[in-house]
Every structure is written in C-alpha cells, then in structure tokens.
Amino acid sequence: MPTETAPDPTGAGSSETGPRIVMENVRKQFGKNVVLDDLNFSVDRGERVTLIGPSGSGKTTILRLLMTLEELTGGYIYVDGEPLTHAKRGERRVKLRSGEVSRIRRRIGMVFQQFNLFPNMSVLENITEAPIHVLGRSKDQARADALDLLDQVGLKDRAQAHPTQLSGGQQQRVAIARALAMEPEILLLDEVTSALDPELVGDVLQVLRDVARNTDITMLIVTHEMQFAQDVSHRVLMFDQGHIIEEASPQVMFTAPQHERTQQFLQAVL
Ligand SMILES: Nc1ncnc2c1ncn2[C@@H]1O[C@H](COP(=O)(O)OP(=O)(O)O)[C@@H](O)[C@H]1O
Ligand SMILES: [Mg+2]
C-alpha cells in the first residue's frame, strides 16, 4: 500500500490531489511599479474563483502570469504541483526551460476582453488551428470537435464565416470555443463581456454558465457581472493594489462584505 501523503500547500512535487493552482510569494513589477507583492493564494481542482477589484489592482496581470504572457519578477506559480516557469532548487530560484514551460502551459486556456480571433481565418480554422498544430489532432478529428463546440456555443451555422462577419458577442463565443478546443484544465476569463454591447452580453454569459455546469474545468474569472459571478463561482477574491483584501463565498461577498474598500467598490459597480 502506498502511504498517503498530506497535501503540500507549497505545491512542491507533482500530485493528483493537491490544488490546481498555487501562487506562492508572487511578485510582479513593471519597471519600478510593483503591481503584485508577495501574493499567495491557491485554487482547487474544479473550483471557480472570481477576482474583483478596482481597475489597476492587478487582476489581468495575475491571469497573464498564469498564461506565461508576463514573466514573474519573484516567487513561484505551481500548476498541479508542478512549477510553471520558475522552480526552487534548494535556496535557488531557477527559471525553467521553455520546453518545460509549454508542456504545463498547454493545460491553460484564456479568453480576453478583446476577442483576439485570427482575422484571416474562418471561424472553423480559428478553432482547429491549435488542436492540429499543438495537440497533433487529425484535421478530420479537429473539425468534428470544432463543430461540436460551435454547436455548444450556438454558432454551428457560422463555421465558414470570417470573424469580421460576426457580432462581438458571436466572436467572443468563438473565442470560448477555441479555448475549449484545447481541452484546458484551467480556463482564464478576463472581462470577456466588457467590450460588448449590452444586448450581446447575455448569450456569452449563458455559454459560460453552461461550461461551468457541464465541465469540471477550473476557472479564474475577472468580471464586473456580479450576478454571473455569484451564480458560477465558489469563491470571490477582492483585490486592491495587488493584495487580496477580502475573500468570501459569493453570497457573503455580495451581500455582506466586511472591508470598507469592498463595500465602496461593490456600491460603485452594482
Ligand atoms: N505591460 C505593462 N507595462 C507596464 N505596466 C503595466 C503593464 N500591464 C499592467 N501594468 C500596470 O500594472 C497595474 C495592474 O494592471 P492590471 O493587472 O491590468 O490591473 P486590472 O486588470 O486589475 O485593471 C497597473 O498599474 C498597470 O498600469
Ligand atoms: Mg484588467
């Protein structure tokens, strides 16, 4: 019988049961501007966590660090217990080789505020591109999977359209399908409805509600749609100037926030 090991909050060593994401003493500076300073939090497997807080509080930076679009200034990020970009070797902090980074990074998908579809490709090609070239799927398989996903997001009849022929809401639903096509374990959503006309927001949120209901994908969500956040998330973290100043269930956060900054922020956005 293998001896049971206690979950290791530092995320050291790969494990099947520990947290999905661990941020440990994370620091991020842009020049002299310290955006995140000694940030620590973890996200469980299948957990959906919403990040709220004023503009400039570091929410996007956290998602971009996880997506390895920004380089950590200090600290460590672990995914499934494995270091994402930097590892501890004794007392030393060692940067991982790019091959090691991309293997883990592949488990993470992101949808941005601006849809970022490839403008010169059809909807279908947008979705099949990475599964074919990164995951090595056959064209037929990638195509069949993409059509299933387009069906899920209500756009099966637009497979041959080009992004410019779609509304912002439709483009965003394609972007969600494209992220899901990579079968991510972690999905990062950065204000995915903020650039949309109000009447297009509902369909996009409905697609995400379905993803939340029908999958066990771990989600980190930045949104100002508080009803949506309340419906889909297990936990809400309130950020201010790069620090978590309050952490609660959505029920508590949105009805009885403790911190004065949280009360002010929620009053302003609700
Ligand atoms: N690429 C960058 N270069 C310089 N400063 C940046 C960059 N990205 C973000 N910042 C700064 O980091 C801080 C946090 O930004 P951000 O993570 O976008 O906050 P939020 O998403 O909460 O609005 C801001 O002060 C912003 O100006
Ligand atoms: Mg942001």
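When residues in the stretch 120-151 are screened for being open to solvent by 50 Å² or more (accessible area, probe 1.4 Å), assigned to a helix (DSSP H, G or I) and polar (S, T, N, Q), 1 of them pass. Does E225 satisfy the condition of being open to solvent by 50 Å² or more (accessible area, probe 1.4 Å), of a type in the set (D, E, K, R) and within 16 Å of ligand 2 (Cβ to nearest atom)? Taking the combined requirement at face value, the residue satisfies it. Restricting E199, E191 to residues that are open to solvent by 30 Å² or more (accessible area, probe 1.4 Å) and more than 16 Å from ligand 1 (Cβ to nearest atom) narrows the list to E199. The residues in the stretch 86-114 that are open to solvent by 30 Å² or more (accessible area, probe 1.4 Å) and either in contact (Cβ under 8 Å) with a residue 12 or more places away in the chain or within 26 Å of A144 (Cα to Cα) (or both) can be counted, and the count is 10. Can you work out which of the residues in the stretch 73-84 that are over 17 Å from the mean Cα position of the chain (by Cα) and in a loop (DSSP other than H, G, I, E, B) is farthest from I244 (Cα to Cα)? So, considering only residues that are over 17 Å from the mean Cα position of the chain (by Cα) and in a loop (DSSP other than H, G, I, E, B), the one farthest from I244 (Cα to Cα) is G81. Against the conditions (1) closer than 21 Å to P184 by Cα; (2) touching a residue at least 40 places away in the same chain (Cβ under 8 Å), S122 satisfies every one except (1). Scanning the stretch 33-72 for residues that are touching a Phe, Trp or Tyr at 6+ places or on another chain (Cβ under 9 Å) and away from ligand 2 (no atom under 16 Å from the Cβ) turns up just one, S42. I'd like the full set of residues that are of a type in the set (D, E, K, R), within 21 Å of T61 (Cβ to Cβ) and outside any loop (DSSP other than H, G, I, E, B), limited to the stretch 100-119. Correct list: R105 only.
The residues in the stretch 180-192 that are in a strand (DSSP E or B) and within 16 Å of ligand 2 (Cβ to nearest atom) can be counted, and the count is 3.
Listed by first and then second residue, the pairs with beta-carbon distance under 8 Å, at least 6 apart or on different chains, first residue in the stretch 67-84 and open to solvent by 40 Å² or more (accessible area, probe 1.4 Å), second β-branched (V, I, T), are T68/T85; T68/V101; E70/T61; E71/T85. Filtered by the rule that a residue be touching a helix residue (DSSP H, G or I) at 6+ places or on another chain (Cβ under 9 Å) and modelled with pLDDT of 95 or more, the stretch 260-270 gives T262, L266. All of (1) assigned to a loop (DSSP other than H, G, I, E, B); (2) under 23 Å from the mean Cα position of the chain (by Cα) hold for G169 with one exception: (1).
The strands (runs of 3 or more DSSP E) found wholly in the stretch 18-64 and carrying at least 3 residues that are away from ligand 1 (no atom under 12 Å from the Cβ), open to solvent by less than 60 Å² (accessible area, probe 1.4 Å) and touching a residue at least 40 places away in the same chain (Cβ under 8 Å) occupy 21-30, 48-52. Is at least one residue of the stretch 186-200 hydroxyl-bearing (S, T, Y), in contact with a helix residue (DSSP H, G or I) (Cβ under 8 Å, 6 or more places away or on another chain) and closer than 23 Å to L66 by Cα? Yes, because at least one residue in the stretch 186-200 is hydroxyl-bearing (S, T, Y), in contact with a helix residue (DSSP H, G or I) (Cβ under 8 Å, 6 or more places away or on another chain) and closer than 23 Å to L66 by Cα.
The values are calculated or read from the model by the stated rules, or taken from the named source; none is laboratory data. Since the model is a prediction, treat every value here as computed from it, not as a measurement. When we count neighbours, we look across all protein chains shown, and the Cβ atoms used for this are built from the backbone with ideal geometry, even at glycine. The accessibility values were calculated without ligands, DNA or RNA, using every heavy atom of the protein model including side chains. Shrake-Rupley method; radii C 1.70, N 1.55, O 1.52, S 1.80 Å.
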